[in-house]
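Visitor: The structure that follows is given in the form of structure tokens.
The values are calculated or read from the model by the stated rules, or taken from the named source; none is laboratory data. Everything numeric in this text was worked out from a predicted model, so none of it was measured. Glycine gets a Cβ as well: all are built from the backbone with ideal geometry, and neighbour counts include every protein chain shown.
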């Protein structure tokens, strides 16, 4: 379903506010990309996100009254994604899918070794606290910059950088990597 189709309304339905339509246009694609990683299906991701936007539309004034509407919307999207996975008796597929879809695995001299490494990394990502996992997936799996990730999550860019730094530190510890690996002069890179 295209973003335009997801906003079509049946005859006699109330028109959606312009700010809701703008919010939908700004965030739907990112939400669908994130949900697809968790559900393993484009159709399921679109369904979960469309249900989330339906919920947001119904309570739009409440959403706008939140200190950070983006953070509120992000929670709704996550909950709808989790609900759909549960209804379909699925577990999260981040580790399963991401490990097989990495560029390194497809082009490695030792694809099995690279696959093992990818599975370990994505398994460790799955064990991160929610906020850290969301930042890592948005920043490094989906490739959003810190500012875009901040907008999607409804937090500050500094919050994204700090969360990413803590998540990378935790991943290095879990994976048994040297604390200084991936850093310059002792400062983690973003």
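Visitor: For region 14-67, please list each of the helices (runs of 4 or more DSSP H) lying entirely inside it that holds at least 1 residues being buried (at least 21 other Cβ atoms within 10 Å of the Cβ). Can you show your working first?
Guide: Values: elements: 18-39, 42-58, 60-65.
By residue number, 18-39, 42-58.
Visitor: Got a sec? Which helices (runs of 4 or more DSSP H) wholly within region 76-174 have at least 2 residues that are at pLDDT below 90 and either in contact with a strand residue (DSSP E or B) (Cβ under 6 Å, 6 or more places away or on another chain) or farther than 22 Å from residue 44 by Cβ (or both)?
Guide: Qualifying helices (runs of 4 or more DSSP H): 103-107, 111-126.
Visitor: Out of (1) more than 16 Å from residue 151 (Cβ to Cβ); (2) over 15 Å from the mean Cα position of the chain (by Cα), the odd one out for residue 46 is which?
Guide: Among (1) more than 16 Å from residue 151 (Cβ to Cβ); (2) over 15 Å from the mean Cα position of the chain (by Cα), residue 46 violates only (2).
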